[in-house]
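Everything below concerns the one structure shown next.
Values quoted throughout were computed directly from the atomic coordinates according to the rules given, and no laboratory measurement underlies them. These figures come from a predicted structure and were not determined experimentally. As a convention, Cβ positions derive from the backbone with ideal geometry for all residues, glycine included, and neighbour counts pool all protein chains shown.
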Amino acid sequence: MECRYCGNKMQKGRIRSKASLLNPIAVSDLVWTDEKDIGKMKRNEAKLSEENEAWYCENCKLVFSELPVKPPVF
């Protein structure tokens, strides 16, 4: 995959949630909100599971990953 910013080839890898001793099967919830809805209850939740496919750009120092999104309840 090529970086959308600099065009260099990206390294394929994994991005994962970091489990703790208290919760060894930790799953992180990422909440995405459209900028016009910031501060409101409307939001989409993305799940970062134990491992998600990701790409890293050495030049830009950015990581890209595709995460499944659960639509807002209301």
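Each Lys or Arg adds one and each Asp or Glu subtracts one; over the other residues with Cβ under 13 Å from the Cβ of Trp55, this totals +1.
Residues whose amide H comes within less than 5 Å of that of Leu62, counting only those at least five positions distant or on another chain, are Cys57 (H built at 1.01 Å from N in the peptide plane).
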